[in-house]
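A.B. asks: Below: one structure in structure tokens.
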Amino acid sequence: MIKITFIGPDGKKHETEAQEGMTLMEVALKNMVPGIEADCGGACACATCHVYVDADWVAKKPQLTQRSETEEDMLDFAFDVRDNSRLSCQIKVTDDMDGLIVHVPEQQG
Amino acid sequence: MSNAPVTCEALIIGAGPAGLFAAFQLGMAGVSSHLVDVLPHAGGQCAELYPQKPIYDIPAHPRITGAELTDRLLEQTRPFSPLFHFNERATSLRKLDNGRFGVEMDSGLAFEAAVVVIAAGGGAIQPKKPPLRGIEDYEGTSIFYAVKDKAAFAGEHIVVAGGGDSALDWAMELAPEAKSLTLLHRREQFRAAPASVRRMRQMVEAGRMDFRLGQLRQLIGENGQLRAVRAANGRESFEIPATRLLLFFGLTNKMGPLAQWGMEMQGGLIIVNTADFETSIPGIFAIGDACVYPGKLKLILSGFHEAALMAQKACRRVHPDEHHTFVHSTSSRLAHKPS
Ligand SMILES: Cc1cc2nc3c(=O)[nH]c(=O)nc-3n(C[C@H](O)[C@H](O)[C@H](O)COP(=O)(O)OP(=O)(O)OC[C@H]3O[C@@H](n4cnc5c(N)ncnc54)[C@H](O)[C@@H]3O)c2cc1C
Ligand code: FES
């Protein structure tokens, strides 16, 4: 089991268990993490699944902040986009993500 | 709010493909309809999100765009003369003592309907709103998500936020009449058409408009009148004079108050039984993307099927004393009625 923690804008922690191959967005929906809306169901077409990768994890696994061109375009429709911003439907869970922490923004839209 | 409600047989909430075809199927079954939609036009997602994209999986239409499909559906409903109410968002519903339903719009417009058909898709399609404190106070006076009246922007300090085609097109269109116009976008790249980006850069170079890199942080003003916006680019924060702010961050769906009407729900969608698409409240039906049942596919095609079955049950509720027989459209006098 791969443990992934979503931290809400209020600081509330949502600990989840993920399986390899799921997207981070799917993990969030399955566990009813508030604040991940995913209007488009993972098609990288809505930017309502925005998260920030925790700073420690950016240092540990810099690939986590690599965004594709479509994802970068889609982030234009998100708010308060930062260097560690990602669309969670574009992150596939892998074994080495056990313990990953991501932060959910204040509002998706 | 004291206006008398509009009495109708069926009230269809949502004029997307499912709602439009419901008006047709209800018409075939002898039931007249009123349709409400928060958008200013019919067609739902097909018209609003992808009017020019071809759809390939509509039976007997190897290729049809979202806009064409909408036009055809409208034409198909015409013999039954459904009445459309656009720019109306359904917010509340209550069961009346006479067994009918009272449904109210946020404008105050009210309906009294024998049956309610929820064809609301993923919810009301509306622009995304940035999380800026006090934004509601300025909406409709200083802050807009679309340009309805260009004159309201003439002689103003305008800030346009966004990097897509709508943002660039409106920035360039409004700049000549503005006191100042600043396009605010988070990066140097734009998703807008390259030709528009080139034209925008030329206008910036010629001093006819400004471009600033950054994201909105704060609204500055009072009594619904915006004076400036504060934006930030990394650590650098700056103020831009703004008496008008246009926001282009795409669209989102919101089921909103409809989800609290008392029907049983699952994952934000309305649970229906697949024999007649009735919800847990008899007399309220749900079809299209708004409904859920085992095996549900969010396809236009499924919405059409759901509309047909819904109409068979709904007509019995609207006209309980009439004898209802199923007729093919080829033999129905109703569908042939000249419009
Ligand atoms: C990019 C894209 C491509 C697609 N391609 C295909 C395809 O190839 N084939 C296919 O079959 N499907 C496709 N779909 C899916 C298809 O568009 C939907 O399944 C279909 O639009 C659902 O129809 P609907 O009438 O149920 O809902 P919608 O089209 O979502 O319409 C619902 C309407 O209800 C209105 N509404 C909601 N709540 C309220 C309220 N409270 N008050 C007033 N109005 C309200 C909304 O504003 C909207 O206009 C695609 C979707 C997208 C986004
Ligand atoms: S779910 Fe829509 S962009 Fe990720």
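A.B. asks: In the range B:45-63, which residues are within 10 Å of ligand 1 (Cβ to nearest atom) and more than 14 Å from chain A (Cβ to nearest Cβ)?
C.D. replies: Going through the range B:45-63, the residues within 10 Å of ligand 1 (Cβ to nearest atom) turn out to be B:45-50, B:53-58.
Matches in the range B:45-63: B:46, B:47, B:54, B:55, B:56, B:57, B:58.
A.B. asks: Next up: In the range A:25-56, what count of residues is obtained for those that are more than 21 Å from residue B:127 (Cα to Cα), in contact with a Ser or Thr (Cβ under 9 Å, 6 or more places away or on another chain) and not charged (D, E, K, R)? Steps first, answer last, please.
C.D. replies: The initial filter retains those residues of the range A:25-56 that are more than 21 Å from residue B:127 (Cα to Cα), namely A:25-33, A:52-56.
Still in the running and in contact with a Ser or Thr (Cβ under 9 Å, 6 or more places away or on another chain): A:25-28, A:30-31, A:33, A:52-54.
Still in the list and also not charged (D, E, K, R): A:25, A:27-28, A:31, A:33, A:52-53.
Residues meeting the conditions: 7.
A.B. asks: Let me ask another. May I ask you to verify whether residue B:182 is under 17 Å from residue B:229 (Cα atoms), assigned to a strand (DSSP E or B) and either within 18 Å of the chain's Cα centre (by Cα) or among the hydroxyl-bearing types (Ser, Thr, Tyr) (or both)?
C.D. replies: On the way: under 17 Å from residue B:229 (Cα atoms): yes; assigned to a strand (DSSP E or B): yes; either within 18 Å of the chain's Cα centre (by Cα) or among the hydroxyl-bearing types (Ser, Thr, Tyr) (or both): yes.
Answer is yes for this residue.
A.B. asks: Anything in the range A:21-38 that is on the phi < 0 side of the Ramachandran plot and part of a loop (DSSP other than H, G, I, E, B)? List them, or say none.
C.D. replies: First, the residues of the range A:21-38 that are on the phi < 0 side of the Ramachandran plot: A:22-31, A:33-34, A:36-37.
The answer is A:22, A:31, A:33, A:34, A:36, A:37.
Listed here are the residues, each with its yes/no results for (1) under 30 Å from residue B:314 (Cα atoms); (2) within 13 Å of another protein chain (Cβ to nearest Cβ).
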| site | (1), (2) |
| --- | --- |
| B:182 | no, no |
| B:188 | no, yes |
| B:204 | no, no |
| B:214 | no, yes |
| B:220 | no, no |
| B:226 | no, no |
| B:229 | no, no |
| B:272 | yes, no |
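A.B. asks: Do we find that residue B:90 is within 9 Å of ligand 1 (Cβ to nearest atom) and in contact with a Phe, Trp or Tyr (Cβ under 9 Å, 6 or more places away or on another chain) in this structure? Show your work before the answer.
C.D. replies: Working: within 9 Å of ligand 1 (Cβ to nearest atom): yes; in contact with a Phe, Trp or Tyr (Cβ under 9 Å, 6 or more places away or on another chain): yes.
Yes, satisfied.
A.B. asks: Select, from A:15, A:20, A:71, the only residue that is at pLDDT 95 or above, among the charged types (D, E, K, R) and touching a Leu at 6+ places or on another chain (Cβ under 6 Å).
C.D. replies: Values: A:15 fails: touching a Leu at 6+ places or on another chain (Cβ under 6 Å); A:20 fails: touching a Leu at 6+ places or on another chain (Cβ under 6 Å).
Result: A:71 is the single residue among A:15, A:20, A:71 that is at pLDDT 95 or above, among the charged types (D, E, K, R) and touching a Leu at 6+ places or on another chain (Cβ under 6 Å).
A.B. asks: All but one of (1) more than 30 Å from residue B:319 (Cβ to Cβ); (2) surrounded by fewer than 20 Cβ atoms within 10 Å (Cβ to Cβ); (3) in contact with an Asp or Glu (Cβ under 8 Å, 6 or more places away or on another chain) hold for residue B:91; state the number of the condition that does not hold.
C.D. replies: So the condition that residue B:91 fails would be (1).
A.B. asks: Restricting the search to the range A:21-74, which residues are hydrophobic (A, V, I, L, M, F, W, C), within 11 Å of chain B (Cβ to nearest Cβ) and buried (at least 22 other Cβ atoms within 10 Å of the Cβ)?
C.D. replies: Residues satisfying the conditions are A:46, A:47, A:74.
A.B. asks: Now for a different question. Being more than 12 Å from residue A:67 (Cα to Cα), within 12 Å of ligand 2 (Cβ to nearest atom) and either touching a residue at least 40 places away in the same chain (Cβ under 8 Å) or part of a loop (DSSP other than H, G, I, E, B) (or both) is the filter here, so list the residues in the range A:77-93 that pass it.
C.D. replies: A:78
A.B. asks: How many residues are assigned to a strand (DSSP E or B) and either under 26 Å from residue B:177 (Cα atoms) or over 18 Å from the mean Cα position of the chain (by Cα) (or both) if we restrict to the range B:117-157? Break it down into steps so the answer makes sense when it comes.
C.D. replies: First, pick out the residues of the range B:117-157 that are assigned to a strand (DSSP E or B): B:117-118, B:124-127, B:139, B:143-144, B:157.
If we keep only those that are either under 26 Å from residue B:177 (Cα atoms) or over 18 Å from the mean Cα position of the chain (by Cα) (or both) too, we end up with B:127, B:139, B:143-144, B:157.
Here the count works out to 5.
A.B. asks: Something else now. Counting only residues that are modelled with pLDDT under 95 and not in a loop (DSSP other than H, G, I, E, B), which one in the range B:265-291 is nearest to ligand 1 (Cβ to nearest atom)?
C.D. replies: Step one: list which residues in the range B:265-291 are modelled with pLDDT under 95, which gives B:265-269.
After this cut, where a residue has to be not in a loop (DSSP other than H, G, I, E, B) as well, the list is B:265-266, B:269.
Numbers: B:265: 14, B:266: 16, B:269: 11 Å.
Selected residue: B:269.
A.B. asks: Continuing with this model, one more query. Any idea which of (1) within 12 Å of ligand 2 (Cβ to nearest atom); (2) acidic (Asp, Glu); (3) modelled with pLDDT under 95 is the one residue A:10 doesn't satisfy?
C.D. replies: All conditions pass for residue A:10, except number (1).
A.B. asks: For a quick check of your reading of the model, give me the residue pairs whose first member lies in the range B:37-61 and is over 17 Å from residue B:22 (Cβ atoms) and in contact (Cβ under 8 Å) with a residue 40 or more places away in the chain, whose second is more than 7 Å from ligand 1 (Cβ to nearest atom) and part of a strand (DSSP E or B), with beta-carbon atoms closer than 6 Å and at least 6 apart or on different chains.
C.D. replies: Here the result reads B:40/B:86; B:55/B:64, each pair linking the range B:37-61 to a residue that is more than 7 Å from ligand 1 (Cβ to nearest atom) and part of a strand (DSSP E or B).
The values are calculated or read from the model by the stated rules, or taken from the named source; none is laboratory data. Computed from a predicted model, the values in this text were never measured in an experiment. All Cβ positions, even for glycine, are placed from backbone atoms using ideal geometry, and neighbour counts span all protein chains on display.
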